[in-house]
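Please treat every number below as a calculation from the coordinates, not as lab data. None of the values given here were measured: they were computed from a predicted structure. Cβ: placed from backbone, ideal geometry, glycine included. Neighbour counts: every protein chain shown.
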Amino acid sequence: MSDAGFSHLHPEVRPLAMLDDESRIARIRAERWIAHAAATGILNSLQEVFAQPRSERMENVLLIAESGMGKTSLIRKFERHNADSCHPHAEVTPHPVVAMLMPEEPNEDAFFVQLLRAVAAPFELSSRRHRLALRETTFRVLRELETRVLVIDEINSLLVGTARQQRLFLQLLRFLSNELRIALVCAGVPEARHALLSDPQLRSRFSDLELPLWKATPELQTFVNLLVQGLPLRHPSPVDSVRLRRLVAERSRGITLVICRALERAGVAAIRSGQERIDAALLEDRDIWRGMWAGPMRTARQRSVALLPDPA
C-alpha cells in the first residue's frame, strides 16, 4: 500500500496513515510540536537573552501565560536548542541553559535543592553544616556547568509565601544573577507579575513576554490546520472555515491545551467511527469538549501541552 493518496497530511505523517487503528490512535495521543508565530517570537526573544554578554546587570525575562498555553514546552525547547553536544573527553558537560521548577514555597533551601536536582546534582539537607554550604555548592555547580541562563518555571508559586518570604526570595534572585552574571527567565501565570516585579531593582531588569490566548483569527486557523495535518486520518478534514474557527476559539477559551486535546479526541473518534476525518458535526459534539468547558485550572503542577514535534 502506498501513501501517495494522503496528500492532505504532513509528509512525515503520510506513512502512518497506513497503520492499523490502534497504532494511529497512539500517534494521535503522542506529544507533538506545532510552530506558530507567537511561540516562534518568544523563542527568538529568549535566544537574544541567551546571546547577551555576561555583565553585572543582565537583561532578564518574565514569560507570562495562562496555564495550558505551552510555557513549559517552550522552556524545554529553548533548553534543548542551547544544549552543548557531549564532549567525550570533557570532565563536565556544559549546561548553558538550566530549567527548573519553582518549589512550592519560596524557601531558599528548597530552591537550591530543586536547582541542583534539575542538573542531576542532588544535595540533601542532612545537617546545619550542609545548609550553610548549600548556596556555595549551587553557585560552584552552575559555574562549572558554564550556565548562562537560569529558567524558573511556575514562578507564581512565589505568591504562596508571606510578604517577608517573597521579599527575601526576590533578593536571592537578584544576588544570584549578580554573583554569577547569568540571565533569569521566570515563567508563570499573569498574577506572578505583581509579586516578581514588586522589587524595584528587579523590575528594571525584567522585560515582559506574553503568550496570548488564541482568538478567532487566521493565526488560529493556521494552527488548527497544522494540527489536523499531523493526525494520521485517511480522508481530508474540512476544518478551514470561519465558523469552525470561532467554535474552537469559543469552546477552548483560547487555551492551547484545550484545543490540542479536543482535536486529539476528534481524531480518535474519527478513526473509531470509520469516518476518517474531522468535520463540523464532530467538533460540535459536546463529548469532544467534555471536562474542558470551564477553561484552564491554574495549578502549579498541571501537565503542560507539548506544542510541536521535535525530532531532536
* To do: Can you tell me which of 32-43, 51-62 comes out highest on packing, and rank the rest after it, using the mean Cβ neighbours within 10 Å?
  => 32-43, 51-62
* Long-range amide H contacts for GLU210: which residues qualify at under 5 Å (H placed 1.01 Å from N, peptide plane, sequence gap of 5 or more or a different chain)? -> ILE64
* Estimated 222 nm signal from helices in the chain, with DSSP H stretches of n ≥ 4 weighted -39500 (n - 2.57), rounded to 500 -> -13500 deg cm²/dmol
* Please give the length that would be gained between ASP20 and LEU226 if that part of the chain were fully extended, namely 0.36 nm times their separation in residues minus their C-alpha to C-alpha distance (nm, one decimal). => 71.9 nm
* Quote to one decimal, in nm, the extra length available between ARG140 and ARG29 on full extension: 0.36 nm per residue of separation minus the C-alpha distance between them. => 35.8 nm
* Can you tell me the FRET efficiency between ARG174 and GLU219 if r is taken as the Cβ-Cβ distance and R0 is 41 Å, rounded to the nearest 0.05? => 0.65
* On Cα atoms only, tilt of 128-144 relative to the major axis of the chain in degrees -> 60 degrees
* Asked: Can you give the FRET efficiency for ASP287 and ARG117, using 1/(1 + (r/R0)^6), R0 = 35 Å, r = Cβ-Cβ distance, to the nearest 0.05?
  -> 0.30
* Asked: Out of LEU202, LEU150, ASN178, whose Cα points farthest toward the positive end of the dipole of segment 37-210 (charges: +1 Lys, Arg; -1 Asp, Glu; placed on Cβ)?
  -> ASN178
* About its Cα centre, what dipole magnitude does the chain give when the only charges are +1 on Lys and Arg Cβ and -1 on Asp and Glu Cβ, stated in debye to the nearest 20? -> 540 debye
* To do: Mind putting a number on the dipole of segment 37-210 about its Cα centre? Charges go on the C-beta only, +1 for Lys and Arg and -1 for Asp and Glu, and I need it in Debye to the nearest 20.
  => 360 debye
* **Local net charge near LEU142, Cβ-Cβ under 12 Å (Lys/Arg +1, Asp/Glu -1)** => +1
